[in-house]
Ligand SMILES: [Zn+2]
């Protein structure tokens, strides 16, 4: 590692055409670049619009997500999307959601169920209900953002 090489080898450095084309736009681009990687690049985190677009092609899942938003509100769903992890969103669990799971997927999750794993019969999107062990914590329903390809 010779330090002189770093300045002597321009081949590895991609020229930034943006800075040459429009110097006045640089500040605008820099601020855009600051916000973009946080949502787009750093992880598989999705926007609400993207999540909706992944649910929409499937009649059951589209119905479920629309019903969830109607029952729990857009803020609730947006929060769930913002907190999504590794391709799953964690939804609130309540009677309305239980009805929705039944109507959308035909799965009846009983009040005394502790754990229930289901799967959309059309697109094979998985969902997992988990009853909280702690009365202070809410029960949750995790659902896949995108149905993974399975064999
Ligand atoms: Zn589905």
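Data table
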{"quantity": "Leading residue by the ranking (farthest from the ligand (Cβ to nearest atom)) among those in segment 107-123 that are in a loop (DSSP other than H, G, I, E, B) and over 10 Å from residue 60 (Cα atoms)", "calculated": "112"}
{"quantity": "Hits in segment 84-100 (condition: in a helix (DSSP H, G or I) and either within 12 Å of the ligand (Cβ to nearest atom) or touching a helix residue (DSSP H, G or I) at 6+ places or on another chain (Cβ under 7 Å) (or both))", "calculated": "96, 97, 100"}
{"quantity": "Segment 70-127: number of residues that are surrounded by 14 or more Cβ atoms within 10 Å (Cβ to Cβ), farther than 23 Å from residue 46 by Cα and touching a residue at least 60 places away in the same chain (Cβ under 8 Å)", "calculated": "0"}
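Computed from the coordinates by the stated procedures, all read-outs in this text should not be read as laboratory data. These numbers come from a predicted model, not from an experiment. When we count neighbours, we look across all protein chains shown, and the Cβ atoms used for this are built from the backbone with ideal geometry, even at glycine.
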